[in-house]
There are 2 protein chains.
Amino acid sequence: MSLEKFFEPKSVAIIGTSRQPGKVGHEILKNIIDGGYKGKIFGVNPKTEEVEGIKCYKSLTEIGEVPDLAVIVIPAKFVISTLEECGKLGTKAVIVITAGFKEIGKAGAELEKELAKIARRYGIRVIGPNCLGIVAPGSKLNASFGGDLPDSGGIGYISQSGALLASILDMANTNHIGFSKLVSIGNKADVDELDVIESLDEDPETKVIAGYLESIGNGDAFVRAAERITHHKPIVLIKAGGTAAGAKAASSHTGSLAGGETAYEAVFARSGIIRCNSIKQQFDYAQAFACSPMPNGARVAVITNAGGPGIMTADAIERQGLTFAKPSKETIAKLAEQLPAAANLYNPIDILGDALADRYEFAIDTVLDDENVDAIVVLLTPQAMTQSLETAEALIKIAKKKNSKPIFACFLGAAKVSDALKLLRVNNIPQYDSPENAVDTLRVMNNYVRWKNRPKRVVKLFGVNRRKVETIIEKHLRQGIREVGEMEAKEILEAYGFKTPKGSIATTADQAANIAETLGYPVVLKIWSPDIIHKSDVGGVKVGLKSAAEVKDAFDLMMYRIPKKIPNAHILGVLVQEMCKGGKEVILGMNRDPQFGPLMMFGMGGTMVEVLKDVSFYLAPLTTDEARQMLKNTRTYRMLEGVRGEEGVDIDAIAEGLQRLSQLVTEFPQIKEMDINPYVVGRAGITPIAVDARMSVEEGSK
Amino acid sequence: MSLEKFFEPKSVAIIGTSRQPGKVGHEILKNIIDGGYKGKIFGVNPKTEEVEGIKCYKSLTEIGEVPDLAVIVIPAKFVISTLEECGKLGTKAVIVITAGFKEIGKAGAELEKELAKIARRYGIRVIGPNCLGIVAPGSKLNASFGGDLPDSGGIGYISQSGALLASILDMANTNHIGFSKLVSIGNKADVDELDVIESLDEDPETKVIAGYLESIGNGDAFVRAAERITHHKPIVLIKAGGTAAGAKAASSHTGSLAGGETAYEAVFARSGIIRCNSIKQQFDYAQAFACSPMPNGARVAVITNAGGPGIMTADAIERQGLTFAKPSKETIAKLAEQLPAAANLYNPIDILGDALADRYEFAIDTVLDDENVDAIVVLLTPQAMTQSLETAEALIKIAKKKNSKPIFACFLGAAKVSDALKLLRVNNIPQYDSPENAVDTLRVMNNYVRWKNRPKRVVKLFGVNRRKVETIIEKHLRQGIREVGEMEAKEILEAYGFKTPKGSIATTADQAANIAETLGYPVVLKIWSPDIIHKSDVGGVKVGLKSAAEVKDAFDLMMYRIPKKIPNAHILGVLVQEMCKGGKEVILGMNRDPQFGPLMMFGMGGTMVEVLKDVSFYLAPLTTDEARQMLKNTRTYRMLEGVRGEEGVDIDAIAEGLQRLSQLVTEFPQIKEMDINPYVVGRAGITPIAVDARMSVEEGSK
């Protein structure tokens, strides 16, 4: 484990140990002692001999041996020299609790850079500055001022908010939630979220990685690592705050639709990270992943001592898209033998208000063996005769004996069930305060199992003319032109295997008519100017021209009217183009996120894309499955398949278009954003046509 | 208050008092005593002299006076005679706890009918049978076996699940949630949800009506009463279980889309009931309505001692569609004077991790006075110096002093904040275990305030030819024909002011051509048979016929081909109809819900309605506003307004169409379901046309 010196140090020095209770330098020492840490503890404070029974040294060097871990709690201005002292001595793991760095502005940011430089020079790993510390229950190490040492457990937690970690510790300690490690990463001067997540991945104690993040640093590497990790260990994250990439500045459709949360949604989808909307939800999920076996399917059985909550659970199963299990004949017969006549043997299995623990035990045990059941939700309401504690014991006994399927407890109440809940918790039975949350968690577990079992990603590579694209893009960058004109954008697309409509540029009306004659009618005329992006808005597009006369009229009208509307536009001529008939219009696009790279978009064409915002996003490069899934993720996907006798369009051809575009933008990081709009697709076998394209390039895009 | 004998009885008799702890007849007596009930208590049990210090009589009559309230706990077979004894004696309020009625099958249902009959005969109001009893903290009356008497408070609760009420009581008693009344309504033999809700409406102690229902009996009356009540008192309900009205049997579009939860959604929308998805959510809402002043707007300020939770709250405000408040310059200046330099004065107002109670008090007090702020969420994380209890005290002090705007507390933690939470609760400050739930509650309160302030409902009545519709419908019912043919359906629509396409029925090809000549080309031909509902599916529709020859060909082809496809169809001829050009197609419809009556539907036409299910529902009769809102509730509403230079259609004309249809189905309860599909609408000023209509009638529809 790459951060093991932090989590399993043989000795710890607290630099800035304080005699004064309430001071951080005192609280951390006390937390380390109270937690029961078994390694050596050194205090460092030139003005004190001893604190809480721990000897204090004048300086780090005076200790006479090299502590594995140093915790720095001294004022910011002394941190740099102390870190250097650590470096010289050979301590390789340092937690800087001290605040007063990047978060206070420019001077602090300078100080933080200096800190990072020294860390690199000496090969020290630094957590912080401006953090709460770390907690490693397995080593009984509580090097934090967040709260008491929690129980050991399977949840590894990383937080970019120290205060939130304090809340979580308080909740966890009250409710007996166990952790493998907790890390407050503070300003992330050196160790960042990726380091911690990779370290938790290697940690056998950690069954699920949970975290609260406000920003993600190295986007690409984060996505790659997360994708690898989620294949064997679930990650449940809260991502707070919107993305920096504002939608306003974007000029393309894709850009304007890709703003806000979209990039993060795509990152989470691509890397299999489970996103949580609240701390509550996160712990609902995390406790299940940490403690429960995974479900093999979505068929949920409900065992209850009350009808109402049973119905509510059934409602939740339906709403969440899970399956209401149908117990087998054998199960029903077996239940019928022992349950009272008034019991409901079908799902929800109502064992009645007078059910004692033995009846629960029998029912759970019986239903658990049913092959038609993938998970069980056990509901209990505290009625007059209910034995909540004994029922919890029975549940624990069965879960320990079989441990084959998720059994979630939902004991509805407070004081009357609190002992039972505590017992369930310390025995690692997931428990929920409402049926809705239990079912929601089962849904998430099911999705995760599907994600784990997905086929290996294979990104198809098409034979393309890369050189040609390089030439065009380089020319643009050299000349400082950001928008690639329609003709050259289409050349680029053709180089990557797209079919575009035939056409040429005319500079006179006669020439336009000649081109039209060669193409065959009807044709489209489009004004041709690097300065005009929204051609239709200025009357620069005329469709369905059916004769030489119509073409000439349209040409002359554009040449007369458009310069009046946009006097400074440099008009190069008019594009005369064949018209695509039939087929459906869709839009393919890409917007390059500053952190995560090319974000592919698929959307339904026409006015629909604007009214419904019926688009889907995914990170490039795309596999065939991912491209297809992008289509399926739109609400009007069925329109593509064909509705009411209408013929469907070539779904695979659209998916291939997305993959070709994905290859293009992956191979050319200079392409900042682009749209193919419309991309006209016909029935299977007919090659789609990229009718119009918009593209912008930029030096040094990611 | 209509049920006051239940809630404020001067004396209570428990018929079936038991000496044996654990027995219901003992628990209820004990709960009444322990609750501190001040009225007279009589035990009734022929075999016992005294239980828990209360004298037991051999029979009700032997008591020698008339108890206000009787609680019956004896076996089902003795209940009828005992109820009769109550009747003869003059007791007017009876709770039947005993189970073994409707819920056990036919024999029980018979017994329950008998029970209801006797209740009616003697003018007794009966709650139950098969219920948990009632609780009225204001009278210190706990006539239930659900748990201990809870605190007094503003929440009136009604539950169709007894066990759930037991869970709620346990939660409430642990968390100090106060109630005005709790009623377990059991099988609803006499007193039903409507009686209780109306009684809670009249009850000044009840500030909010909450409940769990599985079924609603008298649909019409329920909607009317709820609409009246929600105008001054919020109702927050859980409705569990799907509707009985299955979608499968329905033959129209509207019918197939109206299934499942749709009717209940419409009922809740129409009557202003706030629907909750879980008990947790319900109490989040209820505590706010019971304790907090209402917000005057959606601008939320956040005061926090930690950045992370502040960002999460900001995220929630954006997601829930509320407004992030912008504090005024004066507020910011005032905050700047006293807060530390590192504090964030803008929203979220971060008063830093070392904030003591006095800093919270100052910030809350200052922000509360800001006219730009409608509500405040106060976040607290338990950090080293945090004074959670003192902060709670400060918050309570300000809330009591000003009581002008909602102040929601969100103290994130457990043991370290539990005393503070308790103090907040008993002092009626709403508190939430996550920022997301606090913000969700503010959203719901805001919606409620808008609902309260909505203009009075006025349903417009159009001049129509009612007689004509009556004649057609009566003819159908007399002849036992359920499906009204297209021609007569259109006659009905015309009688209610709809314009339909011109056309006549032809029985020969020549006649068809003649009709077409008169109408003018192009025309549409439609096969005309009561036995063919889906005309297009059998080739029975031919559009765009442009000449007499084309009309004749089409006529003959239909006459030749269709009888081969449907040999038994009785073909009356072919409808020759003018063709509607231009305009947008929408669908207007109605499906009569067995409980709640006519459910109006509006949907976008074409294949869209099927793929997107882009439809909206509302209960008839419709006001102009409601009809317009139905249009706005579809996702593609903007398509009607006109997108990208495309001209919009006459929105008001569609709304009028819905209102006319609403009047028709309200005046003719025999109409079971109907569609106008397509309803073709053009730009403002052009009368829309009901191109095709489908209608079915039935005797005795509601």
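On the phi > 0 side of the Ramachandran plot and in contact with a helix residue (DSSP H, G or I) (Cβ under 9 Å, 6 or more places away or on another chain): which single residue out of A:G307, A:G321 fits that description? Give the derivation first.
Values: A:G307 fails: on the phi > 0 side of the Ramachandran plot.
Being on the phi > 0 side of the Ramachandran plot and in contact with a helix residue (DSSP H, G or I) (Cβ under 9 Å, 6 or more places away or on another chain) holds for just one of A:G307, A:G321, which is A:G321.
Taking the condition of being buried (at least 18 other Cβ atoms within 10 Å of the Cβ), closer than 29 Å to B:G648 by Cα and of a type outside the set (D, E), how many residues in segment A:612-636 meet it?
Within segment A:612-636, residues that are buried (at least 18 other Cβ atoms within 10 Å of the Cβ), closer than 29 Å to B:G648 by Cα and of a type outside the set (D, E) number 6.
Do we find that A:E214 is among the charged types (D, E, K, R) and modelled with pLDDT under 95 in this structure?
On the way: among the charged types (D, E, K, R): yes; modelled with pLDDT under 95: yes.
So A:E214 fits the description; yes.
Any chance you could count how many residues in segment B:8-35 are within 14 Å of another protein chain (Cβ to nearest Cβ) and surrounded by fewer than 24 Cβ atoms within 10 Å (Cβ to Cβ)?
10
Where in segment A:245-362 are there helices (runs of 4 or more DSSP H), lying wholly inside it, with at least 2 residues that are modelled with pLDDT of 90 or more? Lay out the reasoning, then the answer.
On the way: elements: A:253-257, A:262-271, A:279-291, A:307-319, A:329-338.
Passing ranges, in order: A:262-271, A:279-291, A:307-319, A:329-338.
I want to confirm something. Restricting to segment A:595-642 and keeping residues that are β-branched (V, I, T) and touching an Asp or Glu at 6+ places or on another chain (Cβ under 6 Å), which single residue is farthest from the other protein chains (Cβ to nearest Cβ)?
To start, the set of residues in segment A:595-642 that are β-branched (V, I, T) comprises A:607, A:609, A:611, A:615, A:623-624, A:634, A:636.
Those left that are additionally touching an Asp or Glu at 6+ places or on another chain (Cβ under 6 Å): A:634, A:636.
Details: A:T634: 10, A:T636: 6 Å.
In this case the residue turns out to be A:T634.
Name the residues in segment B:367-420 that are more than 14 Å from every other protein chain (Cβ to nearest Cβ), in contact with a Leu (Cβ under 9 Å, 6 or more places away or on another chain) and acidic (D, E), would you?
B:D374, B:E390, B:E393
How many residues are among the aliphatic types (A, V, I, L, M) and buried (at least 20 other Cβ atoms within 10 Å of the Cβ) when one looks only at segment A:550-590? Show your work before the answer.
Kept after step one, since they are among the aliphatic types (A, V, I, L, M), are these residues of segment A:550-590: A:551, A:554, A:557-559, A:562, A:566, A:569, A:571-572, A:574-576, A:579, A:586-588, A:590.
Filter once more, keeping what is buried (at least 20 other Cβ atoms within 10 Å of the Cβ): A:551, A:554, A:558, A:562, A:574-576, A:586-588, A:590.
Selection size over segment A:550-590: 11.
Just need a number here: residues in segment B:277-319 that are under 16 Å from B:Y346 (Cβ atoms), more than 14 Å from every other protein chain (Cβ to nearest Cβ) and in contact with a Leu (Cβ under 6 Å, 6 or more places away or on another chain).
1
Which members of segment A:465-481 meet the condition of being among the basic types (K, R) and surrounded by 14 or more Cβ atoms within 10 Å (Cβ to Cβ)? Give the steps one after another, and end with the answer.
At the first step, the residues of segment A:465-481 found to be among the basic types (K, R) are A:466-468, A:475, A:478.
Within segment A:465-481, A:R466, A:K468 meet the criteria.
Do the conditions hold for B:K140, that is, is it buried (at least 24 other Cβ atoms within 10 Å of the Cβ), in contact (Cβ under 8 Å) with a residue 12 or more places away in the chain and among the charged types (D, E, K, R)?
Working: buried (at least 24 other Cβ atoms within 10 Å of the Cβ): no; in contact (Cβ under 8 Å) with a residue 12 or more places away in the chain: yes; among the charged types (D, E, K, R): yes.
No.
With the requirement that a residue be under 26 Å from the mean Cα position of the chain (by Cα), among the hydrophobic types (A, V, I, L, M, F, W, C) and facing another protein chain (nearest Cβ under 8 Å), what does segment A:126-171 give you?
The answer is A:A163, A:L164, A:A166, A:M171.
So, of the residues in segment B:652-670 that are among the hydrophobic types (A, V, I, L, M, F, W, C) and surrounded by fewer than 24 Cβ atoms within 10 Å (Cβ to Cβ), which turns out to be nearest to B:I492 (Cα to Cα)? Can you show your working first?
Just the residues of segment B:652-670 that are among the hydrophobic types (A, V, I, L, M, F, W, C), to begin with: B:653-655, B:658, B:661, B:664-665, B:668.
Now drop any that are not surrounded by fewer than 24 Cβ atoms within 10 Å (Cβ to Cβ), which leaves B:653-655, B:668.
On the way: B:A653: 19, B:I654: 18, B:A655: 19, B:F668: 11 Å.
Checking each candidate, the answer is B:F668.
For segment B:100-125, enumerate the residues that are touching a residue at least 24 places away in the same chain (Cβ under 8 Å) and within 14 Å of chain A (Cβ to nearest Cβ).
Residues satisfying the conditions are B:G100, B:F101, B:K102, B:E103, B:G108.
Would you point out the residue of segment A:520-539, among those that are at pLDDT 90 or above and buried (at least 17 other Cβ atoms within 10 Å of the Cβ), that is farthest from the chain's Cα centre (by Cα)?
The qualifying residue farthest from the chain's Cα centre (by Cα) is A:V523.
Checking A:R592 against (1) within 14 Å of chain B (Cβ to nearest Cβ); (2) under 19 Å from the mean Cα position of the chain (by Cα); (3) of a type in the set (K, R): exactly one of these is not met. Which one?
(1)
I'd like to verify a number: residues in segment B:316-353 that are free of Cβ contacts under 8 Å to residues at least 40 places away in the same chain and under 27 Å from B:M385 (Cα atoms), how many?
The number of residues fulfilling the criteria is 15.
Only one of (1) within 14 Å of chain B (Cβ to nearest Cβ); (2) over 28 Å from A:M171 (Cβ atoms) is not met by A:Q338, so which one is it?
(1)
Going by the conditions given, is A:D354 within 24 Å of A:R425 (Cα to Cα), within 12 Å of chain B (Cβ to nearest Cβ) and out of contact with any strand residue (DSSP E or B) (no Cβ under 9 Å at 6 or more places or on another chain)?
On the way: within 24 Å of A:R425 (Cα to Cα): no; within 12 Å of chain B (Cβ to nearest Cβ): yes; out of contact with any strand residue (DSSP E or B) (no Cβ under 9 Å at 6 or more places or on another chain): yes.
Answer is no for this residue.
Would you check which residues across segment B:405-459 are crowded, with 21+ Cβ neighbours inside 10 Å, part of a helix (DSSP H, G or I) and either aromatic (F, W, Y) or free of Cβ contacts under 8 Å to residues at least 12 places away in the same chain (or both) and list them?
B:Y448
The values are calculated or read from the model by the stated rules, or taken from the named source; none is laboratory data. None of these values were measured; they are calculated from a predicted model. For neighbour counting, all protein chains shown are included, and Cβ atoms are generated from backbone atoms with ideal geometry for every residue, glycine included.
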